[in-house]
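Notes follow the structure.
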Amino acid sequence: MLVGAVAALILFPPRAKPVETDDEDESARRERLATERDTAANALFRAALDACRGLPARLTRIAEAAEAKAAALRDAREAGLNAAPHRVNPDWRPPWELERDSPRLPVIAWQLLDRAFDQLTATLDDPDADLHILASAYDQLAKAAREVAKQLENDDGQRELSSELARCAFCGKRARDVRKIITGPTSAICDECVDLCVEILDEERGD
């Protein structure tokens, strides 16, 4: 399961909002703009994660928000800011369709997104990670989210599915826990649930 409040983190130390004045020098202006952009990117990224329910369009929103966050971090680095030490929130949980234990359509690209989230949370927890490394982690997340969205939008015949990643939509068992799992366009069912369905139908028909 994905852990860490990856969207709610503020990477810079708390400070009073700089006030723009006519005497503001170039360095202070760049720092102010970088801080404001990072705050806006944090809000966008958090909103995208909260809204995500597994739809391709919402995964694309996560990608866009992650790209904005990466750009904000690079601007902050150019402005001379540094990442502040922090820890992710262990109580945070992702939307259920982003959880590895959910019965999501088993496109292979989910593996990329899972690894990207793992890398991002590890990077956020790394006290030695600089803004360049953090930006790269957000970029990888954006790339993976776009790939999952692309796979989900593809026609059934063009999707790269993995039976090993499949989970039965009825009982929740993984492919490794049953003899056979049948993957459809949007979900999967295991042989045990198929047998149970046959028994129920037989009883209803009086066979």
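The values are calculated or read from the model by the stated rules, or taken from the named source; none is laboratory data. Since the structure is predicted, the reported quantities are computational estimates derived from the model, not experimental observations. Cβ: placed from backbone, ideal geometry, glycine included. Neighbour counts: every protein chain shown.
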Please go through (1) modelled with pLDDT under 85; (2) surrounded by fewer than 20 Cβ atoms within 10 Å (Cβ to Cβ) for residue 127 and return the number of the only condition it doesn't satisfy. (1)
What about residue 39, is it surrounded by fewer than 17 Cβ atoms within 10 Å (Cβ to Cβ), within 18 Å of residue 132 (Cα to Cα) and modelled with pLDDT of 85 or more? yes
If I ask for residues that are under 23 Å from residue 84 (Cα atoms) and either at pLDDT below 75 or outside the structural domain of residue 137 (by TED's automatic domain parsing) (or both), which ones from region 42-60 would you list? 47, 49
Tell me, which residue of region 56-100 that is part of a loop (DSSP other than H, G, I, E, B) and among the polar types (S, T, N, Q) is surrounded by the most Cβ atoms within 10 Å (Cβ to Cβ)? 89
Would you confirm whether or not region 130-152 contains a residue that is at pLDDT below 90 and hydroxyl-bearing (Ser, Thr, Tyr)? no
